[in-house]
Structures are given as structure tokens and as C-alpha cells.
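Nothing in this text is a laboratory measurement; each read-out follows from the coordinates by a stated rule. Not measured: the values here are computed from a predicted model. Every residue, glycine as well, gets a Cβ built from its backbone with ideal geometry; the counts of neighbours run over all protein chains shown.
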Amino acid sequence: MVVRGIRGAITAAKNERGAILDATARLLAEIVRANDLAPDMVAAAFFTTSADLNAAYPAEAARARGWTHVPLLCSHEMDVPGGLAACVRVLVLFNTDRTPEDIRHIYLDGAAALRPDLRSI
């Protein structure tokens, strides 16, 4: 068994607590569904937001999913000129026997433009 990562991103409708948590919850639900991810497989999750999102910690959505014993971290992305606004990103580390080719990375809504090669939803 090894630790592998699943990447994902989504845009929030606005810089409001509900909008950030709703978008993050939707992203996590799709990551879990697409990768058949059980809670006890998750080793850690790192969340970042674009600098314009500061009304909530995205990790709260993971806690609401029941990830109570998973180490979680929130941070801001670099404020790069022309970067995607209102974006929540996540790196989920999980224990698995799967190969990297078996992992589905999820980019939703406006964040789908970040990885057009991975658009499948």
C-alpha cells in the first residue's frame, strides 16, 4: 500500500461562508464518488483558496463529511496576476494499492479551465 494524491478544484459563487463551503462540499463529494474513496483511506487533505476567498475555511466541509480524524490544512494560493479567482483547491492524500492511472482528479465549474486535459465530468 502507498500514499497517493488526488487533486481537485472548484470555483465558489462568491466570498461568503455558505458559497465556499457548498462548493467545497460538492468538490469533495465528486472526488469521493469518482475514486470510491472510503473515509478511512484518507491520510490528509490540504486546501488552498485564491487570495479573494477568506470568508470560511474549506476544511470545514471535510469535517462535515465526517473526516474528523483526518489532518486538514487550509492556506491561500499565491496571488498571481491573471490567476483564477474564487478558486478552492484540494490535495487529498490517501492510502491505496491503486496505480496513478486509476486516480480521477476532479476540476469543476470555472476551475475546469485549469486542467482541460482532465475534463471528464
* All other residues with a Cβ under 12 Å from the Cβ of Lys14 taken together, and with Lys, Arg as +1 and Asp, Glu as -1, what is their net charge? -> -2
* Structure fact -> For Ile106, other-chain or 5+-apart residues with amide H closer than 5 Å (H placed, Pro excluded) are Arg7, Gly8, Ala9
* Please list, in chain and number order, the residues 5+ apart from Ala44 or on another chain whose amide H is under 5 Å from its amide H, with Hs placed from the backbone. => Leu93
* Structure fact -> Here segment 58-72 yields Karplus 3J(HN,Hα) values (6.51, -1.76, 1.60; θ = phi - 60°; whole Hz; Gly and Pro given as x) of x, 4, 4, 5, 5, 4, 5, 6, x, 7, 6, 10, 9, x, 10
* To the nearest 20 debye, what charge dipole does the chain have about its Cα centre, counting +1 at the Cβ of each Lys and Arg and -1 at the Cβ of each Asp and Glu? -> 100 debye
* Structure fact -> With Phe94 itself left out, Lys, Arg at +1 and Asp, Glu at -1 over residues whose Cβ is under 13 Å from its Cβ give 0
* Using the Karplus curve 6.51 cos²θ - 1.76 cosθ + 1.60 with θ = phi - 60°, work out ³J(HN,Hα) for each residue of segment 104-114 in order, rounded to whole Hz, and write x for Gly and Pro. => 9, 7, 10, 10, 10, 6, x, 6, 4, 5, 5
* Can you list the trypsin sites (Lys or Arg not before Pro) in segment 63-112 that are in a DSSP coil and have 12 or fewer other beta carbons within 10 angstrom? -> none
* Work out from phi, with θ = phi - 60° and the Karplus expression 6.51 cos²θ - 1.76 cosθ + 1.60, the ³J(HN,Hα) of each residue of segment 91-103, listed in order in whole Hz, and give x for Gly and Pro. => 10, 9, 9, 9, 8, 7, 9, 5, 8, x, 5, 8, 8
